[in-house]
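Here's the structure, in structure tokens; my notes come after.
The values are calculated or read from the model by the stated rules, or taken from the named source; none is laboratory data. Given the structure is predicted, the values throughout are model-derived calculations rather than measurements. Methodologically, a virtual Cβ is constructed for each residue, glycine included, from the backbone with ideal geometry; neighbour enumeration extends over all protein chains shown. Protein only, heavy atoms only, side chains kept; ligands, DNA and RNA dropped before computing areas. Shrake-Rupley method; radii C 1.70, N 1.55, O 1.52, S 1.80 Å.
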Amino acid sequence: MKKYKLWVFPILIAFCVNTGCVKNNDKKVEKMPQYLKTTAIDKSREGSLANYLVNMNISGQVGEIFEAHTEAWVTRVLEDNPGLFDGFLNPSNPDIRKAMWHGEFPGKILSGIAQMYLTSKDRRIYEVGNRFVEYFKQAQREDGYLGPWPEEAKFNNDSRSATEGPWGKWDTWGHYHCIHGLYRWYQVTGNEDALEIAEKALDCIIDHFITNKQSFASQKWGECNFAISHMFALMYDVTGKNKYLKAAEYMVNTEWKNEYLDFYTKRILSADWLNSALEGVVFGRSNQTRWESLYTLSTLGPLYKATGDETYLKALDSLWWGMVGYDRHNIGSFGTGEGANANPYGDMSETCNTVAWAVFSTEYLKVSKNSYVADELEMSFFNAILGSLDKDNRVFSYANYSNGQRDLATITLEGHSYAGARDMSCCQASGTKGLASITEWAILTDATGLYLNYYGESKLETFTNNGNRIKLNQQTVYPKDGYIKIIVEPEQDEEFSLHLRIPVWSEHSKIKLNGKPLENVNAGTYHAITRKWKKGDSIEIELDMSLHFWVAEKNSTMRNRSSIYYGPLLLGVEENDDIRNTIKLDYGNLKNAKINTDKGFVYIKTLSTIGKEVTLVDFAHLGKNNSSYFTWINVDNHNLQEITYDRNNTPVWCNR
């Protein structure tokens, strides 16, 4: 037997701690990384959901889109935009043209990079993310400031004493996105520099505003600049530092009530979202309805988790249901133009709107555990989000229309860009964050077990609450059809509940466990399977993908028209010389049409009521060659009755 010097053992122990492995029955078992864990106590009534995903290993058609986007945009973003950080590194340079929201660009992009890294653990993405952190480290000032403005103009220095102008800028908004990107990069990689930079920037904001008793509203643009409240709440969850929790509560309970001069209406207003939500006022009819508001409203979820105060949950619940009922469009996008107007039939939604909607909805999903919220996230992902990406998988849309054409951000929003960063715009910077937003809700964990929300070819890797690594290998072509086979691979045998999302539109679903059919599989719920899971356990799910419809209300701008869905996929028609949006389709022909899967996700060929051949294409692949399209279609010969929105009723888009 060999003899080892004693100094060897501390090194071996340190190695195992740093790599997250322990010895168990001569088998190496990977522990949950420390940076995934939260420090703060969960005080919500039933415990909230946490995201312990470490790799989606996404493949199939969605994986191909992600790989193409990684190649075309993510790995090249710094080479294609070498001046991205110039405003941060040289804030007094007058030659750098800056929009008021200039500070958001690198942070939004880093958030997307962090999420995209979770889809594949591609080493190239890891290297790009670390380069972003190094740039932020160079740019951060001694006091922690992390923006592109000189000292005399940072935060509210150029606007706090003005009653009418200048209009200030979105400085704490920009900080929010930069801090969020750093926070997520820390959570997915353990990069300590990212966490340190983020904390230092948050502390700078607390010192400038809260310690010095200056209102965040003094920057104007409250709907944007209040967003930092979300990072206060999230950073409390990670660090357990009470100053961040206090700051988040101060923002919601005090700053939301503070008055400021609104740029768009030119009037003094108080957003006061908390009280209006508790009074049942839908967001689209509140005092401030801009899409940017969704980020500060997202604070309510982690605040409820941190405090257990039901007021925050009730307000969040009221806001989300009001938005999904009155401002979520048929393509899964949020709002009309750049805000909400309580009209789900509005013309178009900005890509940024829908990315914010995904963030807000994810926070609500975590505390509500309502499977329908995940249905909505899935519908937004497969339609508005994937549909916002151009045919080359690089550039995102600015405007996303239910009926119209693709509208690329690099063209429409060219005025946001500047020398050295000609790709920059709010929507281009947000796009990857929206695309990879599935990593935020794909699979979540609570004390009872796992909640599987994302269906698609992948091999999800996550942890149970006990720190046991679980792999869920999904063998499927979903959403081309509804068959999904899941092989469960726990690192160690463990008893827990696996909650399977049964979409609200799947009226007749089937589940088999190790070949044996299960009972009581109900649409619009999580179906929980509780057992001691062992490697090789298999689950088979068959979802009902039959067509369902959204029949527009008679008093709406889309009266006499319907939207057609196949599972989560919205279908639409591209216009040409022979096909216009005046065509009528026969309901019976549609219901009996063959589903084709050799192009896009799916397409259907059918005949109009006057015998013209019409092809319906899934929205993500619709109009990618700049052709006009429409998704509100005249469907004839049906007896479907319109469904008026009611949160306790069948969703309007699930009409059969």
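Laid out as a table, the results:
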| read-out | value |
| --- | --- |
| Rh (Kirkwood; distinct C-alpha pairs) - the stretch 466-596, Å | 17.6 Å |
| Local net charge near residue 581, Cβ-Cβ under 10 Å (Lys/Arg +1, Asp/Glu -1) | +1 |
| Net lengthening on full extension, residue 35/residue 599 (0.36 nm per residue, minus Cα-Cα) | 198.9 nm |
| Relative contact order [Cα under 8 Å, 6+ residues apart], the stretch 605-656, whole percent | 19 percent |
| Rounded accessible area of residue 423 (nearest 10 Å², 1.4 Å probe) | 20 Å² |
| Hull shadow area, averaged, the stretch 518-557 [alpha-carbon convex hull, nm²] | 5.3 nm² |
| Heavy atoms of residue 391 accessible to a 1.4 Å probe, total area in Å² rounded to 10 | 130 Å² |
| Cβ-defined net charge surrounding residue 606, 13 Å radius [Lys, Arg +1; Asp, Glu -1] | +2 |
| Contact order normalised by residue count of the chain, Cα under 8 Å, 6+ apart, percent | 13 percent |
| Dipole axis of the chain (+1 Lys, Arg; -1 Asp, Glu on Cβ), positive-most option in 101, 608, 65 | 65 |
| Nearest-10 value in Å² for the accessible area of residue 281, using the 1.4 Å probe | 50 Å² |
| Neighbour-limited loop hits for GluC sites (Glu not before Pro), the stretch 429-527 (at most 12 other Cβ within 10 Å; DSSP other than H, G, I, E, B) | 519 |
| Surface per residue (accessible, 1.4 Å probe) for the stretch 101-212, Å² | 33 Å² |
| Estimated D of the stretch 233-369 in µm² per second, where Rh is the Kirkwood radius over Cα pairs and Stokes-Einstein applies at 10 °C, 1.306 mPa s | 105 µm²/s |
| Most to least accessible of 52, 126, 483 (protein chains only, probe 1.4 Å) | 483, 126, 52 |
| Point-charge dipole on Cβ atoms (K/R +1, D/E -1) for the chain, about Cα centre, debye to 20 | 1500 debye |
| Pair-distance profile P(r), taking every C-alpha pair of the chain, with 10 angstrom steps and integer % | 3, 16, 26, 27, 18, 8, 2, 0, 0 |
| Per residue, in Å², the accessible surface of the stretch 339-429 once ligands and nucleic acids are set aside, probe 1.4 Å | 23 Å² |
| Length gained when the stretch residue 510-residue 213 is fully extended (0.36 nm per residue, less Cα-Cα span) | 101.1 nm |
| Cβ-based net charge around residue 626, under 11 Å, with every Lys or Arg adding one and every Asp or Glu removing one | 0 |
| Accessible carbon and sulfur surface of the chain relative to its total accessible area, %, 1.4 Å | 46 percent |
| Spin-label pair residue 639/residue 471, simplified geometry with 7 Å Cα→Cβ offset, distance in nm | 5.3 nm |
| Debye, to nearest 20: dipole size of the stretch 455-555, +1 on Lys, Arg Cβ, -1 on Asp, Glu Cβ | 120 debye |
| Ranked order, 98, 534 - accessible area, probe 1.4 Å, largest first | 534, 98 |
| The stretch 529-656 - charge dipole about Cα centre, Lys and Arg +1 at Cβ, Asp and Glu -1, debye rounded to 20 | 440 debye |
| Given charges at Cβ of Lys, Arg, Asp, Glu: the chain dipole, positive-most of 514, 300, 256 | 514 |
| The stretch 604-656 - Rg and Dmax from Cα coordinates, angstrom | 14.5, 40 |
| Relative contact order [Cα under 8 Å, 6+ residues apart], the stretch 413-526, whole percent | 16 percent |
| Ordering of 60-68, 606-614, 392-400 by packing [mean C-beta count within 10 Å, highest first] | 392-400, 60-68, 606-614 |
| Candidates per GluC sites (Glu not before Pro) in the stretch 242-337, loop by DSSP, up to 11 other Cβ within 10 Å | 279 |
| Of 121/200; 108/257; 213/246; 305/369; 485/624, those spanning more than 24 Å from alpha-carbon to alpha-carbon | 121/200; 108/257; 485/624 |
| Which of 466, 415, 450, positive extreme of dipole for the stretch 351-473 (C-beta unit charges) | 466 |
| Interchain or long-range residues, amide H under 5 Å from residue 496's placed H | 531, 533 |
| Kirkwood Rh in Å, taken over the stretch 79-172 so that all alpha-carbon pairs contribute | 14.7 Å |
